[in-house]
Amino acid sequence: MGLRRAAIERDFDLRPDHTLVGVVHIPSGGVGPVQAIAQRVIGALLALLATVIIVYLDREGYRDTADDSVSLLDAFYYATVSLSTTGYGDITPVSDSARLINILVITPLRVLFLIVLVGTTLEVLTERSRQALKIQRWRSKVRDHVVVIGYGTKGRSAIRSLLGDDVDPSNLVVVDSDQTMLDAAAALGLVTVRGSGTRSDVLRVAGVQRARAVVVATNRDDTAVLVTLTARELAPKAAIVAAVREAENVHLLRQSGADSVVVSSETAGRLLGMATTTPSVVEIFEDLLTTDEGLAMGERPVDPAEVGGSPRHLTDIVLGVVRRGTLYRIDAPQADALEIGDRLIYVRKVTPPDGKAD
């Protein structure tokens, strides 16, 4: 019994949704801390001013033990000690109308004033409840999303590329054990899951089993292999893309279930070498790899009017043809004539954010 309870406490995917608050973060458009404090202060002042006005207009129904008259200052004093529930008793309602107004109006204002004062605590509790509800809804609806495991340099670059390709931020999930990294991802409106990508329960919480793609962007090759094995076991049909530092580990990633493997160190090394002799070529590569402006790599289906023709005769600069899951370079014989269902790998022109073409 004790082992079963320990397993439930350890496995995120077996825990109720409300216990995942702090592990899973769903972005929300909440106000900033300064604005929230300003709203509370304004609310408290409005409640205070409303009480002052009510008391001063009905000042004949109040009695001051000092001089039997209630001035505007006395009204402010009574409103302050009344709303703060201090209640010295030196100014009291004596007429029936004043007492009725205290029951029906000032008492609710007193409650409102107290709510404003303890608003921070209430907001924390409300936010936890709101997050728990969002997590429950998200876990029941998330489908065909992209899970990025690791939000270091490679993970951030992958996210920027996906966002540049117009992927909705709500369809991106970041898994990392570093809360600082998760906070940076959450600032972009991304769903985040705190935990190690090597744990199957963490990946289940991220919805890997229903994801269309998984990006493995860890800092260590051995970790990437373990993450890929775990992700492939949970998601047999998902496309898994992994990054490794050393080329000698590529076959391990392939055997673990990765569909594509990017060797980060060798790719960077090649670009460094090319930059010494052909820097302009490196600039073109960088332009193709960024999706903000200029040129970028793209993939699109073949139009019906293009079927039967050669990709070399198209207005787009076609680099390859994907046919039934196999990529053929533009110089391959299989790419001489386009077929129904083919997809083209081509160079597309990116429109800047201001909407003006380059």
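Taken together, the residues in the stretch 102-111 that are at pLDDT 75 or above and under 10 Å from Thr51 (Cβ atoms) amount to 3.
Beta carbons closer than 7 Å, at least 6 apart along the sequence or on distinct chains, never pair a first residue in the stretch 263-287 that is closer than 24 Å to Lys349 by Cα with a second that is among the hydroxyl-bearing types (Ser, Thr, Tyr) and assigned to a helix (DSSP H, G or I).
When the stretch 210-235 is examined, which residues are found to be small (Gly, Ala, Ser) and either surrounded by 24 or more Cβ atoms within 10 Å (Cβ to Cβ) or more than 21 Å from the chain's Cα centre (by Cα) (or both)?
Ala211, Ala217, Ala224, Ala231, Ala235
Residues being surrounded by 15 or more Cβ atoms within 10 Å (Cβ to Cβ), outside any strand (DSSP E or B) and modelled with pLDDT of 80 or more are represented in the stretch 290-307 by at least one member. Within the stretch 257-279, being under 28 Å from the mean Cα position of the chain (by Cα), polar (S, T, N, Q) and either in a helix (DSSP H, G or I) or more than 17 Å from Glu246 (Cα to Cα) (or both) holds for one residue alone: Ser264.
Yes or no: Ala184 in a strand (DSSP E or B), among the small types (Gly, Ala, Ser) and in the same structural domain as Gly150 (by TED's automatic domain parsing)? Here the answer is no, as Ala184 does not meet what is asked. May I ask you to say which residue of Val173, Val202, Val191 is buried (at least 20 other Cβ atoms within 10 Å of the Cβ) and either basic (Lys, Arg) or farther than 21 Å from Glu233 by Cα (or both)? Sole residue among the options that is buried (at least 20 other Cβ atoms within 10 Å of the Cβ) and either basic (Lys, Arg) or farther than 21 Å from Glu233 by Cα (or both): Val191. Of all residues in the stretch 323-350, those satisfying the criterion of being within 38 Å of the chain's Cα centre (by Cα), more than 21 Å from Ser161 (Cα to Cα) and either of a type in the set (Lys, Arg) or buried (at least 17 other Cβ atoms within 10 Å of the Cβ) (or both) are Arg323, Arg324, Tyr328, Arg329, Asp342.
The values are calculated or read from the model by the stated rules, or taken from the named source; none is laboratory data. Keep in mind that what you see is a predicted model, and the values were worked out from it rather than measured. Here Cβ is always computed from backbone atoms with ideal geometry, including for glycine, and neighbour counts include all displayed protein chains.
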